[in-house]
Amino acid sequence: MNADLDAMWSAGLSNGELAFPRCSACGAWNWYPLPQCGRCQSSQTPWVRVALQGRIFSWTRTHHDFVKGGVLAEPVVIALVEIADAPEIRIPCRQQTAGAPPAIGEPVNLVVGHFEDRTIWCFAPHSERADTAADKGAP
Ligand SMILES: [Zn+2]
């Protein structure tokens, strides 16, 4: 990561906001960021905030600690999450709370997770908020 990208990513995590470069000329999302749009070569690619929602594209359960090495005390699920507002972008996210593995295509919410000395994007079941809204509207 270059310094600007690292700063943008870190600021987003600190603020609980997710944004990606989007071409002002053709509308293409560009991830990772490039000096010019990968589709039309425009240099106008401001960062645009997206909703914290996505879908599970794929997932895996890992027992390996990629930061410290060795074996994790408990395995974690890591998923590639397709961003709802920018479906051509997928980012790796950790399952926020250990539980049943997700289903491919399952809608999820993106949340900031803090683990030891790391702050990363995580995914949580989308149904938690939907259930709450449905309960309020139930007769
Ligand atoms: Zn473009």
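The values are calculated or read from the model by the stated rules, or taken from the named source; none is laboratory data. Bear in mind the structure is a predicted one, so any value in this text is a computation, not a measurement. Note that each Cβ is placed from the backbone with ideal geometry, even for glycine, and that neighbours are counted across all protein chains shown. Quick note on the areas: whole protein, heavy atoms, side chains included, nothing else; ligands and nucleic acids left out. Shrake-Rupley method; radii C 1.70, N 1.55, O 1.52, S 1.80 Å.
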Legend entry - Cysteines without a disulfide-compatible neighbour (Cβ-Cβ under 4.7 Å), the chain: CYS93, CYS122
Legend entry - Rounded to 10°, Cα long-axis angle of helix 3-15 versus longest principal axis of the chain: 40
Inset, instruction - Provide the gained length on full extension for the span VAL111 to ASN15, in nm with one decimal, where the gain is 0.36 nm per separating residue minus the Cα-Cα distance. - result: 33.5 nm
Legend entry - Average Cα contact separation per residue, the stretch 24-103, under 8 Å, 6 or more apart, as relative contact order %: 24
Legend entry - Whole-Hz ³J(HN,Hα) from phi, Karplus 6.51 cos²θ - 1.76 cosθ + 1.60, for the stretch 24-30, glycine and proline x: 6, 7, 10, x, 5, 7, 10
Legend entry - Selected from PRO75, PRO21, PRO125 as most flexible by GNM, with the chain as the system and alpha-carbon contacts under 10 Å: PRO75
Inset, instruction - Per residue, how big is the convex hull around the C-alpha atoms of the chain? Give it to me in cubic angstrom, could you? - result: 143
Inset, instruction - Could you tell me how many degrees, from 0 to 90 and to the nearest 10, lie between the Cα long axis of helix 127-137 and the main elongation axis, the longest principal axis, of the Cα atoms of the chain? - result: 80
Legend entry - Accessible carbon and sulfur surface of the chain relative to its total accessible area, %, 1.4 Å: 52
Legend entry - Listed residue (VAL71, THR119, TRP47) projecting farthest to the positive dipole end of the chain, Cβ model: TRP47
Inset, instruction - Arrange the peptides 98-108, 60-70, 44-54 so that the one whose residues have, on average, the most other Cβ atoms within 10 Å appears first. - result: 44-54, 98-108, 60-70
Legend entry - Lys, Arg +1 and Asp, Glu -1 on Cβ, resulting dipole of the chain about Cα centre, debye, nearest 20: 260
Legend entry - Label-zone membership for the stretch 56-97, site ILE104, 7 angstrom Cα→C-beta point, backbone N under 11 Å: 57-59
Legend entry - Theoretical gain in end-to-end length, ARG118 to ASP85 [0.36 nm per residue, Cα-Cα removed]: 9.3 nm
Inset, instruction - Would you mind calculating the relative contact order of the chain from Cα pairs under 8 angstrom and at least 6 residues apart, reporting the percent as a whole number? - result: 18
